[in-house]
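S.K.: The following block contains the structure, expressed as structure tokens.
The values are calculated or read from the model by the stated rules, or taken from the named source; none is laboratory data. Since we're looking at a predicted model, the values are computed, not measured. All Cβ positions, glycine included, derive from the backbone under ideal geometry; neighbour counts span all protein chains shown.
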Amino acid sequence: MEKRIVWTDRAPQPIGPYHQAVAFGDFIFTSGQIGIDPSTGKLIGGAIEQETEQALHNLKSVLEAAGASLSAVVKCTVYVTDMGDYPRINEVYGHFFKDGAPARSLVEVRALPGGARVEIDAIAYRRSENL
């Protein structure tokens, strides 16, 4: 099996030595996505709900570029800078993962890149015949 680099212009471009995602066999490992608008390269302003929604749209775009979807996600990790935002983040998250929500960890951290308040990464599984 070979690893395959995943790239799309519908999600923020990496700002360091990493890729948006790497596919290996039937698995896709995404890098963390924050609420950057890919058309401007800037973090979405406003409430935590808008930032969370943009991060999840970015995650969805990366997964689609890899030949998968949010329904293929088996594990997410959500990083937040304020655990007090958890209920509002969780509400938005629930709209994206309505059926068959994946396993998930949520971790409070001191800071995230670019002043983001939420970052989400995922591991997805897809059948290799869908490539």
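S.K.: Here's a check for you: in the range 97-108, which residue that is surrounded by 11 or more Cβ atoms within 10 Å (Cβ to Cβ) and in contact (Cβ under 8 Å) with a residue 12 or more places away in the chain is farthest from Ala47 (Cα to Cα)?
M.R.: Pro102
S.K.: Evaluate the range 72-88: report whether one residue or more is touching a strand residue (DSSP E or B) at 6+ places or on another chain (Cβ under 9 Å), buried (at least 18 other Cβ atoms within 10 Å of the Cβ) and within 19 Å of Thr8 (Cα to Cα). Let's see the steps before the verdict.
M.R.: If we filter the range 72-88 for residues that are touching a strand residue (DSSP E or B) at 6+ places or on another chain (Cβ under 9 Å), which is where we start, we get 72-83, 85-86.
Okay, now just the ones that are also buried (at least 18 other Cβ atoms within 10 Å of the Cβ), so 72-73, 76, 78-80, 85.
Still in the running and within 19 Å of Thr8 (Cα to Cα): 72-73.
Looking for residues that are touching a strand residue (DSSP E or B) at 6+ places or on another chain (Cβ under 9 Å), buried (at least 18 other Cβ atoms within 10 Å of the Cβ) and within 19 Å of Thr8 (Cα to Cα), one finds at least one in the range 72-88, hence yes.
S.K.: Is at least one residue of the range 72-82 at pLDDT below 95 and basic (Lys, Arg)?
M.R.: Within the range 72-82, none of the residues are at pLDDT below 95 and basic (Lys, Arg).
S.K.: I'd like the residue in the range 43-66 that is among the small types (Gly, Ala, Ser) and at pLDDT 95 or above and, out of all such residues, is nearest to Val118 (Cα to Cα).
M.R.: Here is the first cut: in the range 43-66, the residues among the small types (Gly, Ala, Ser) are 45-47, 55, 61, 65-66.
Remaining after also requiring at pLDDT 95 or above: 47, 55, 61, 65-66.
On the way: Ala47: 11, Ala55: 8, Ser61: 17, Ala65: 22, Ala66: 23 Å.
If we take residues in the range 43-66 being among the small types (Gly, Ala, Ser) and at pLDDT 95 or above, then Ala55 is nearest to Val118 (Cα to Cα).
S.K.: Can you find even one residue in the range 40-58 that is polar (S, T, N, Q) and without any contact (Cβ under 8 Å) to a residue 12 or more places away in the chain?
M.R.: Here is the first cut: in the range 40-58, the ones polar (S, T, N, Q) are 40, 50, 52, 54, 58.
Okay, now just the ones that are also without any contact (Cβ under 8 Å) to a residue 12 or more places away in the chain, so 40.
Scanning the range 40-58 turns up at least one residue that is polar (S, T, N, Q) and without any contact (Cβ under 8 Å) to a residue 12 or more places away in the chain.
S.K.: Would you confirm whether any residue within the range 89-96 is touching a strand residue (DSSP E or B) at 6+ places or on another chain (Cβ under 9 Å), closer than 22 Å to His19 by Cα and surrounded by 14 or more Cβ atoms within 10 Å (Cβ to Cβ)?
M.R.: Checked the range 89-96: no residue is touching a strand residue (DSSP E or B) at 6+ places or on another chain (Cβ under 9 Å), closer than 22 Å to His19 by Cα and surrounded by 14 or more Cβ atoms within 10 Å (Cβ to Cβ).
S.K.: Does Ser69 satisfy the condition of being of a type in the set (Ser, Thr, Tyr), under 29 Å from Lys3 (Cα atoms), in contact with a helix residue (DSSP H, G or I) (Cβ under 8 Å, 6 or more places away or on another chain) and surrounded by 12 or more Cβ atoms within 10 Å (Cβ to Cβ)?
M.R.: On the way: of a type in the set (Ser, Thr, Tyr): yes; under 29 Å from Lys3 (Cα atoms): yes; in contact with a helix residue (DSSP H, G or I) (Cβ under 8 Å, 6 or more places away or on another chain): yes; surrounded by 12 or more Cβ atoms within 10 Å (Cβ to Cβ): yes.
Considered against the rule, which asks whether it is of a type in the set (Ser, Thr, Tyr), under 29 Å from Lys3 (Cα atoms), in contact with a helix residue (DSSP H, G or I) (Cβ under 8 Å, 6 or more places away or on another chain) and surrounded by 12 or more Cβ atoms within 10 Å (Cβ to Cβ), Ser69 comes out as yes.
S.K.: Shifting gears a bit: Could you give me the residue pairs with C-beta distances under 9 Å whose first residue belongs to the range 1-14 and is surrounded by 12 or more Cβ atoms within 10 Å (Cβ to Cβ), whose second residue is part of a strand (DSSP E or B) and among the β-branched types (Val, Ile, Thr) wherever it lies, and which are 6+ apart or on separate chains?
M.R.: Hits for this filter: Lys3/Val22; Arg4/Val22; Val6/Val22; Val6/Ile28; Val6/Thr30; Ala11/Ile36; Pro12/Ile36.
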